[in-house]
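The values are calculated or read from the model by the stated rules, or taken from the named source; none is laboratory data. On a predicted model such as this, the values are computed, not experimentally measured, just so you know. Cβ coordinates were reconstructed from backbone atoms using ideal geometry, including for glycine residues, and neighbour counts include every protein chain displayed. Please note that ligands, DNA and RNA were not included when accessible areas were found on the heavy atoms of the full protein model with its side chains. Shrake-Rupley method; radii C 1.70, N 1.55, O 1.52, S 1.80 Å.
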Amino acid sequence: MVTLSNVYKTFNKGTINEKKALDGINLQLNEGDFVTVIGGNGAGKSTMLNMIAGVYPIDAGKILVNQINISRKEEYQRAIHIGRVFQDPMMGTAAGMEIQENLSLAYRRGQKRGLSWGVTKSEKVLYHEKLKMLGLGLENRMSSKVGLLSGGQRQALTLLMATLVEPKLLLLDEHTAALDPKTAKTVLDLTEKLVSESKLTTLMVTHNMKDALRLGNRLIMMHEGKIIYDVSGEEKQKLQVSDLLKKFEEASHGSFANDRMLLA
Amino acid sequence: MNGLLVSLEGAISQGVLWGIMVLGVYITYKLLNIADLTVDGSFALGGCVCATLIVSGQMNPILALFIATLAGLLAGAITGFLHTIFEIPAILAGILTQIALWSINLRIMGKSNVPLLKVDTIFSKVVNFLGMKQMHVTLILGVLIVLAIIAILYWFFGTEIGSVLRATGNNENMIRALGVNTKKSKMVALMLSNGLVALSGGIVAQSQKYADIGMGTGAIVIGLAAIVIGDVIFRKVRNFAGILTSAVVGSVVYFVIRALVLRLGMNANDMKLFSAVFVALALCIPVLIRKYKQRRDYSEGGEKNGNTI
Ligand SMILES: Nc1ncnc2c1ncn2[C@@H]1O[C@H](COP(=O)(O)OP(=O)(O)OP(=O)(O)O)[C@@H](O)[C@H]1O
Ligand SMILES: [Mg+2]
């Protein structure tokens with residue numbers, strides 16, 4: 001179970017570039033929740049994921065994973081709980097290292113690393129099996145450098161790496177946005193499969209509203225650092241793209257009206 | 001002709017012994033993407049510590065090398081501390097340690113030069129034991145030491161910790177997301193690197209029979225030059241042991257070229273200018289090639305070169 005309570009984050013506080021990115025986020029994820037996250041540019045979606053992962057410290061509030069408060073922990077210390085896939089396919093893998101080496105680094109996520117061999121024989125068997133499941137033929141190229149793979153292949157590999165050791169929380173930040181539609185679909189299908197197989201608690205940011213509606217059991221919409229809409233279960237199932245657009249409209253109009261009032 | 005052969009053998013031996021330093025530079029510069037300028041200071045540190053221990057402390061030359069290596073580890077730790085904990089840019093952190101080491105090295109030796117005549121070195125011990133010529137012993141022993149170090153590095157960078165160091169140089173964000181404290185891995189890399197550099201300084205001091213306060217000046221440039229040369233010669237090599245070997249071979253080639261141009265009458269004092277220009281060119285050429293290709297492939301019409309699919 002993951003809980004965010006009263007999480008605030010302002011970038012560049014006290015300067016002309018001050019930006020309130022998270023404005024009192026409260027969110028409780030139940031075990032196995034697959035939540036899609038939507039919202040306009042700059043709404044704070046990435047920031048919310050980054051705060052959970054510990055990329056930057058939060059200004060106020062608490063982040064709990066299974067009752068453990070991780071808000072003051074370093075990014076590398078939180079890794080034991082969290083698997084991540086980023087928007088940029090280059091971000092999630094080490095280009096100059098072999099496919100199996102990348103997997104072996106992920107296989108030890110959050111574990112202490114010592115002087116035993118980096119990739120053992122029995123691991124290779126496991127990786128072969130897992131790679132085969134991707135259906136991209138990577139199982140026959142395990143000692144190729146990851147830099148030789150296409151963006152989609154790298155993203156599929158990153159997804160596999162993020163879930164190789166079951167995370168308590170999986171964070172996906174527009175992880176198919178940089179891919180062509182066909183590859184995006186492959187990676188999205190894989191996401192669905194991996195998440196449902198292990199019932200992973202997942203936060204998935206996307207700009208594709210159809211995907212946001214189709215996938216997951218719950219949807220949240222963000223606007224100006226706040227969660228303005230949170231639906232799940234049957235209510236989400238019935239939701240249409242037009243409903244989401246209307247919500248967007250309402251949200252931005254609201255702020256537009258407020259701006260006008262301030263100016264008047 | 002005989003004189004040439006002798007000076008070539010000397011150059012090869014020198015290249016091999018300095019090759020240990022090049023391996024150290026390789027770890028930071030190539031694997032971790034850090035330009036660490038501690039090297040000039042830690043090389044001299046190794047020589048100074050080693051010479052002082054052997055002469056003033058009458059220490060066994062092997063033990064002295066061991067302690068010189070520890071001193072190098074410490075020097076690397078100081079740079080690592082400044083860089084990772086206090087977020088001082090790596091280049092500046094290295095320069096600070098290097099400058100500080102100049103004074104420290106003078107303090108250690110008490111003067112600017114310590115000769116190693118009439119004392120045992122690892123080389124004189126073997127000479128006495130086998131009755132071979134010092135020149136040959138230097139080369140053979142040097143090669144054996146380098147091979148052992150390459151074997152150890154090959155093993156180390158295949159272990160879990162070694163993989164983490166390589167990954168830190170490759171994609172720091174990724175390996176942090178996988179639970180690694182990258183500050184620690186950079187620290188380990190800087191220590192390991194400078195430990196090797198100091199070991200190299202100690203061995204070089206023993207082979208040339210003196211340690212000198214200025215013996216490390218320009219070491220980093222020699223290291224980079226050797227790596228570039230090795231890269232060019234072993235362009236096709238992918239195996240990690242092969243790549244490490246190429247760095248040492250690069251060092252040997254560097255010292256052979258150096259011996260040749262000196263023989264051709266170049267002033268020894270101009271050698272640093274020569275090395276600097278060489279490394280600068282080596283760094284410039286890839287950029288020039290890239291810019292040239294960009295310009296060549298550009299066409300206003302967009303289709304002239306048949307670049308469209
Ligand atoms: N490291 C940072 N430094 C300063 N400002 C930042 C930083 N990261 C995000 N911001 C600002 O915080 C706000 C929220 O950004 P965030 O990246 O979370 O938006 P997002 O919802 O992910 O948008 P997008 O859909 O464009 O990815 C933006 O105004 C952004 O400019
Ligand atoms: Mg974003």
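Of B:TYR292, B:TYR26, B:TYR154, the residue with the greatest mean-square motion in the GNM of chain B, using alpha carbon springs below 10 Å, is B:TYR292. For a Förster distance of 45 Å, can you work out the FRET efficiency between the beta-carbons of B:LYS125 and A:LYS124, rounded to the nearest 0.05? Efficiency at R0 = 45 Å is approximately 0.50. Among bridges DSSP assigns within the protein assembly as shown, what percent are antiparallel (round to 5)? Bridges in the protein assembly as shown that DSSP calls antiparallel: roughly 60 percent. Buried accessible surface for the A/B pair, both sides summed and rounded to the nearest 100, is 2200 Å² with a 1.4 Å probe. With the simple model of a label 7 Å out from the Cα in the direction of the Cβ, A:ASP230 to A:GLU31 spans 2.0 nm. A Förster distance of 35 Å, applied to the separation of the beta-carbon atoms of B:ASN239 and A:LYS13, puts the FRET efficiency at 0.10. Summing Lys and Arg as +1 and Asp and Glu as -1 over all other residues whose Cβ lies under 13 Å from the Cβ of A:GLN67 gives a net charge of +1.
Between the chain alone and the structure with every protein chain in place, find the residues of the stretch B:165-211 that drop at least 30 Å² of accessible area; heavy atoms, 1.4 Å probe. Relative to the lone chain, where solvent access is computed with a 1.4 Å probe, the stretch B:165-211 loses at least 30 Å² at B:ARG166, B:ASN170, B:ASN171, B:ASN173, B:MET174, B:ARG176, B:ALA177, B:LEU178, B:GLY179, B:ASN181. Estimated from helical segments only, the mean residue ellipticity of chain A at 222 nm is -12000 deg cm²/dmol, where each DSSP H run of four or more residues counts as -39500 (n - 2.57). Taking A:ASN12, A:ASN208, A:ASN30 in turn, the Gaussian network model of chain A (Cα-Cα springs below 10 Å) assigns the largest fluctuation to A:ASN12. For chain B, hydrophobic long helices are taken as DSSP H runs at least 18 Å long by C-alpha position along their axis with mean Kyte-Doolittle hydropathy of 0.0 or more; these are B:2-26, B:39-55, B:61-80, B:90-109, B:134-156, B:182-208, B:219-233, B:240-263, B:271-297.
Starting from the coordinates of the alpha-carbon atoms of the protein assembly as shown, obtain the Kirkwood hydrodynamic radius over all distinct pairs and give the value in Å to one decimal. Write out the running numbers ahead of the final one.
On the way: mean 1/r = 0.0368 Å⁻¹.
By the Kirkwood definition, the hydrodynamic radius is 27.1 Å.
With every protein chain kept in place and ligands, DNA and RNA left out, what is the accessible area per residue of the stretch B:2-216? Probe 1.4 Å, answer in Å².
Counting only protein heavy atoms, the per-residue value for the stretch B:2-216 is 40 Å².
Legend: residue pairs A:LYS9/A:LYS238; A:LYS112/B:LYS186; A:LYS19/A:LYS236; B:LYS133/B:LYS209, Cα-Cα distance threshold 25 Å; pairs beyond threshold, A:LYS9/A:LYS238; A:LYS19/A:LYS236.
Counting only other chain Cβ atoms within 10 Å of each residue's Cβ, the peptide A:116-122 averages 3.
Centroid-to-centroid, using Cα positions, the stretch B:93-123 and the stretch A:170-221 are 60 Å apart. Each Lys and Arg adds +1 at its Cβ and each Asp and Glu adds -1 at its Cβ; summed about the Cα centre, chain B shows a dipole of about 300 debye.
In Å, what Kirkwood hydrodynamic radius results for the stretch B:2-216 from the alpha-carbon pair distances?
Evaluated on the stretch B:2-216, it is 17.6 Å.
In this simple spin-label model, placing a label point 7 Å from the Cα along the Cα-to-Cβ direction at both B:HIS136 and B:CYS284 gives a separation of 4.5 nm.
Excluding same-chain neighbours fewer than eight residues apart, the lysines reachable from A:LYS145 by a Cα-Cα span under 21 Å are A:LYS121, A:LYS124, A:LYS130, A:LYS132, B:LYS30, B:LYS236. Under a Cβ-Cβ cut-off of 10 Å, what is the net charge of the residues other than A:TYR8 that fall near it, where Lys and Arg count +1 and Asp and Glu count -1? Around A:TYR8, the charge tally is 0. Subtracting the Cα-Cα distance of A:GLU249 and A:SER116 from their residue separation scaled by 0.36 nm leaves 42.2 nm. In the stretch B:2-216, the portion of solvent-accessible area held by carbon and sulfur atoms comes to 69 percent [1.4 Å probe, whole percent, DNA, RNA and ligands not counted].
Do the sum for chain B: with -39,500 (n - 2.57) for every DSSP H run of n ≥ 4, divided by all residues, what is the mean residue ellipticity at 222 nm, to the nearest 500 deg cm²/dmol?
About -24500 deg cm²/dmol.
Dipole orientation for the stretch B:2-216: of the candidates B:LEU23, B:PHE86, B:MET109, B:MET109 has the Cα lying most toward the positive pole (charges on Cβ; Lys, Arg +1; Asp, Glu -1).
Roughly how many debye, to the nearest 20, is the charge dipole of the protein assembly as shown about its Cα centre, given +1 on each Lys and Arg Cβ, -1 on each Asp and Glu Cβ, and no other charges?
Roughly 880 debye for the protein assembly as shown.
Long hydrophobic helices in chain A: the complete DSSP H runs spanning 27 Å or more by Cα along their own axis with mean Kyte-Doolittle hydropathy of at least -1.0 are A:241-263.
Legend: mean number of C-beta atoms from other chains within 10 angstrom of residue C-beta atoms, peptide A:97-110, equals 4. Give, to the nearest whole percent, the P(r) tail of chain A beyond 28 angstrom, counting all Cα pairs. Tail of the P(r) past 28 Å holds 38 percent of the pairs. Inter-label distance, A:SER150 to B:LEU117: 7.3 nm, where each label sits 7 Å from its Cα along the C-beta direction. Of A:GLY14, A:GLY216, A:GLY233, the residue with the greatest mean-square motion in the GNM of chain A, using alpha carbon springs below 10 Å, is A:GLY14.
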